[in-house]
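S.K.: The structure is given below, and queries will be raised subsequently.
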Amino acid sequence: MTAMSTSALGCWMVAMLAAWPAITAAQTASPSAGDSPTPAFAADKPNILWLTSEDHGPEMGCYGDANARTPNVDALAARGLLFTRVWSTAPVCAPARTAIISGLYPSSSGGLHMRSMVSLPAEVKLYPQFLREAGYYCVNNNKEDYNVRKPVGLWDESSAKAHWRNRASGQPFFAIFNSTKSHESQIRTRPHQAIADPARMRVPAYHPDTPEVRQDWAQYYDKVSEADADAGRRLKELEDAGLAADTIVFYYGDHGSGMPRSKRWPSDSGLRVPLVVYFPEKWKHLAPREYQPGGRSDRLVGFVDLAPTLLSIVGLKPPQWMQGHAFAGPYQTEPPSFLFGERGRMDERMDLVRSVTDGRYVYLRNYFPHVSQAQRVAYQFETPTTRVWRELFDQGKTTEAQSIFWRVPKAPEELYDLQTDRDEVRNLAHSPEHRTILERLRTAQREHLFQVRDVCFLPEGEIHSRSQGSTPYELARDEARYPMKRIVAAAELASNLEPGALPELKTLLNDSDSAVRYWAALGILMRGQNAVGQNEDSLRAALNDASPHVRIVAAEALGRYGQESSRQPALAVLRELAPPEKNGVFVSMSALAAIEALGEKAASLRNFVGGLNPNGTSPDARFDSYVPRLIQNIAPSNPERPASPAPKSKGKARNPPQPSSRSGDSR
């Protein structure tokens, strides 16, 4: 279908408004034989249409990108409002969508880690529950991908057939149509009918300028155009049904582009997304205060703001527990001063990063500096750009800016000025001229942790074990079960990489709380050979800790940097904790990741790992691919390994061949 041009769409709108009285009369009359009895709109509540697309940032014509071909969203922006500074809260689908559906930061609900599938308290409702109670017909077509468990009957329908057309007579609708055309997987799908010219692509400073990279970027732009065409078709459906003048429309992407160092990384490149909203004349009193047709807003908007905004538009006061800020409707608030981002476990790779922006400067706090930005996420390595980039890094052919993605350790703190460094490759964290800005954003980030009660400073297994009988959300608010100040203080001390912290870290190895001990052991591991050598006896004692998570970190530290007499008991601990059927998926994943990180120092465990049964207890079947992938990385194609169960999740369960890893980079 050919997309409508901006001028054609504008002419259609003028004609529709002129004909509105006749259309209204026809819609309220008794239907003739063969007509649908459903009226085109409900008079007292707006219809709401959300058009979403996957894995793309603001690479669109309406955002000034000369390479983009996005006439439909451009036309929507020409008659609506475009937001210039929008973050997706998390840089990957599941936690980003968890923030949207709940109005909570995933780190606050416990739903940050991929496929974590945590429960929420009964009083914490997801936004479709509010809308359905208010009389809305709610449909989702059709991706969900939440990290929280949904209640039965969340949607009236959630499927590839879901449509607002199926609502009852007189019922307002809320409908989502999600386009998968721009998903990461589509960037590398070959053959591809190329339209965009690779030679015209702007290659970011962090990517090597190679034919493969240019082709991936060009194909990305082609796929964004296809997502735009999907949006055009849905808008045309609305127009053809006579509903455009009574329907509020949102268009947004679910996080940054599917290219490496965008998706999965919580900097501006991974979090910034397009957001365009359109409020027809009838509902302009519900629009953002700054709303003007064809206007632009610099208001800071995050995905946690979408649920409270939606409730405000339909006349419901957002509950106090929602952590976002409504930007439309009668309950819209003053703009926030900051946006916050977060990164946790990406498939089987653990990380802990928090970020904040004031719209110009971006600050990142890396609590796991001992792993690279990239790590070795199998799904990411299916993209040619990732593979050629890694090969060039291994060959020593990447520039400083191109090497940051792969290098360990990460800087504990990063600060970037988007006005002068849009690609975020010049770290200003140690710049004296930027000290005040660094301290302001550092303080904002730390205060945010406690404001939302970030529960993900616990080892993931302890998020689940400590919350048995309740939920991670409730656990986070129980100081007796989650002494957050002590745990976060230990995490900050561990990850600052300062050598002078070692005496205190050694003391914290004996703390009464296992999460504090976990961070103390991590802090020694992060500091490498000398730190482990100075604390070898304490780490040997930690091999007998009551917490398996402490034991695993101590074992990895001794396995990497300890004397031979310490390495053997360390490997024995990892051997004991690796089997998933005995220890569950969380302990097994951590132990296997430590074995993988040890490389040849754990070669004696290779056959044992290859023969493991990959099945173990986990919160959800969508974890099923993680342990098999770790086993495959350690013992590739080992004939002793039992057959894995068929993956129950989407394509990420596939196990493509991986390039060889260097010690320290794979975790």
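The values are calculated or read from the model by the stated rules, or taken from the named source; none is laboratory data. This is a predicted model, so every value here is computed, not measured. Neighbour counts are summed over all protein chains in view; Cβ atoms, including those assigned to glycine, are modelled from backbone coordinates with ideal geometry. Side chains are part of the model used for accessible areas, which takes the heavy atoms of the whole protein and leaves out ligands, DNA and RNA. Shrake-Rupley method; radii C 1.70, N 1.55, O 1.52, S 1.80 Å.
This table checks each residue for (1) on the phi < 0 side of the Ramachandran plot; (2) in contact with a Leu (Cβ under 9 Å, 6 or more places away or on another chain).
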| residue | (1), (2) |
| --- | --- |
| PRO91 | yes, yes |
| PRO106 | yes, yes |
| GLY110 | no, yes |
| ARG115 | no, no |
| TYR146 | yes, yes |
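S.K.: Listed residues ARG233, ARG299, ARG289; which is assigned to a loop (DSSP other than H, G, I, E, B), touching a residue at least 24 places away in the same chain (Cβ under 8 Å) and surrounded by fewer than 23 Cβ atoms within 10 Å (Cβ to Cβ)? Don't jump to the end; show me each part of the working.
M.R.: Numbers: ARG233 fails: assigned to a loop (DSSP other than H, G, I, E, B); ARG299 fails: assigned to a loop (DSSP other than H, G, I, E, B).
So the residue among ARG233, ARG299, ARG289 that is assigned to a loop (DSSP other than H, G, I, E, B), touching a residue at least 24 places away in the same chain (Cβ under 8 Å) and surrounded by fewer than 23 Cβ atoms within 10 Å (Cβ to Cβ) is ARG289.
S.K.: If I filter segment 78-87 for residues that are of a type outside the set (Phe, Trp, Tyr) and under 18 Å from the mean Cα position of the chain (by Cα), do I get at least one hit?
M.R.: Yes, that holds for at least one residue.
S.K.: I would also like to ask the following. Condition first: of a type in the set (Ser, Thr, Tyr) and modelled with pLDDT of 95 or more. Can you find one or more residues in segment 37-49 that meet it?
M.R.: No, every residue in segment 37-49 fails to be of a type in the set (Ser, Thr, Tyr) and modelled with pLDDT of 95 or more.
S.K.: Please verify whether TRP217 is aromatic (Phe, Trp, Tyr) and under 20 Å from LEU51 (Cβ atoms), treating the condition exactly as stated.
M.R.: So TRP217 fails the test.
S.K.: From the list ALA194, ALA162, exactly one residue is open to solvent by 20 Å² or more (accessible area, probe 1.4 Å), at pLDDT 95 or above and not in a helix (DSSP H, G or I). Which is it?
M.R.: The unique qualifying residue is ALA194.
S.K.: Does ALA307 count as crowded, with 23+ Cβ neighbours inside 10 Å, at pLDDT 95 or above, in contact with a Ser or Thr (Cβ under 9 Å, 6 or more places away or on another chain) and in a loop (DSSP other than H, G, I, E, B)?
M.R.: no
S.K.: While we're looking at this one, here's another question. Residues in segment 127-149 that are in contact (Cβ under 8 Å) with a residue 40 or more places away in the chain and not in a helix (DSSP H, G or I): how many?
M.R.: Counting residues in segment 127-149 that are in contact (Cβ under 8 Å) with a residue 40 or more places away in the chain and not in a helix (DSSP H, G or I) gives 9.
S.K.: Mind listing whichever residues of segment 494-523 are open to solvent by less than 10 Å² (accessible area, probe 1.4 Å) and within 29 Å of the chain's Cα centre (by Cα)?
M.R.: Of everything in segment 494-523, those that are open to solvent by less than 10 Å² (accessible area, probe 1.4 Å) and within 29 Å of the chain's Cα centre (by Cα) turn out to be ALA494, SER495, ALA515, VAL516, TRP519, ALA520, ALA521, LEU522, GLY523.
S.K.: Here's another thing I want to ask about it. Please specify each residue of segment 375-403 satisfying the condition of being open to solvent by 20 Å² or more (accessible area, probe 1.4 Å), among the charged types (D, E, K, R) and under 24 Å from PRO191 (Cα atoms).
M.R.: Residues satisfying the conditions are GLU382, ARG387, GLU391.
S.K.: Taking segment 324-374 as the region of interest, how many residues are open to solvent by less than 10 Å² (accessible area, probe 1.4 Å), part of a loop (DSSP other than H, G, I, E, B) and either at pLDDT below 95 or small (Gly, Ala, Ser) (or both)?
M.R.: The qualifying residues number 6.
S.K.: Do the conditions hold for ALA374, that is, is it under 29 Å from GLU212 (Cα atoms) and small (Gly, Ala, Ser)? Can you show your working first?
M.R.: Details: under 29 Å from GLU212 (Cα atoms): yes; small (Gly, Ala, Ser): yes.
When the stated conditions are applied, ALA374 passes them.
S.K.: Kindly check whether there is at least one residue in segment 525-533 that is open to solvent by less than 10 Å² (accessible area, probe 1.4 Å) and closer than 25 Å to HIS464 by Cβ.
M.R.: Yes: one or more hits.
S.K.: Is there any pair with a first residue in segment 186-201 that is more than 14 Å from VAL224 (Cα to Cα) and a second that is assigned to a loop (DSSP other than H, G, I, E, B) and of a type in the set (Val, Ile, Thr) whose Cβ atoms are under 7 Å apart and which are 6 or more apart or on different chains, and what are they?
M.R.: Going by the 7 Å Cβ cut-off, there are no qualifying pairs.
S.K.: Which residue is farthest from ARG296 (Cα to Cα), if the candidates are limited to segment 60-83 and must be open to solvent by 20 Å² or more (accessible area, probe 1.4 Å) and part of a helix (DSSP H, G or I)?
M.R.: The selected residue is PRO71.
S.K.: May I pose another question? So which pairs qualify, if the first residue must be in segment 267-284 and at negative phi and open to solvent by 10 Å² or more (accessible area, probe 1.4 Å), the second must be at pLDDT below 95 and part of a helix (DSSP H, G or I), the Cβ gap must be under 9 Å, and the two must be at least 6 apart or on different chains?
M.R.: Within 9 Å, the pairs are GLU281/LEU17.
Yes/no per residue for (1) open to solvent by 10 Å² or more (accessible area, probe 1.4 Å); (2) at pLDDT 95 or above; (3) under 23 Å from GLN451 (Cβ atoms):
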| position | (1), (2), (3) |
| --- | --- |
| ARG85 | yes, yes, yes |
| PRO91 | no, yes, yes |
| ARG97 | yes, yes, yes |
| SER107 | no, yes, yes |
| LEU131 | no, yes, no |
| GLY135 | yes, yes, no |
| ARG149 | yes, yes, no |
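S.K.: Among the residues of segment 601-622, count how many are under 22 Å from GLY562 (Cα atoms), touching a residue at least 40 places away in the same chain (Cβ under 8 Å) and among the charged types (D, E, K, R).
M.R.: Residues meeting the conditions: 1.
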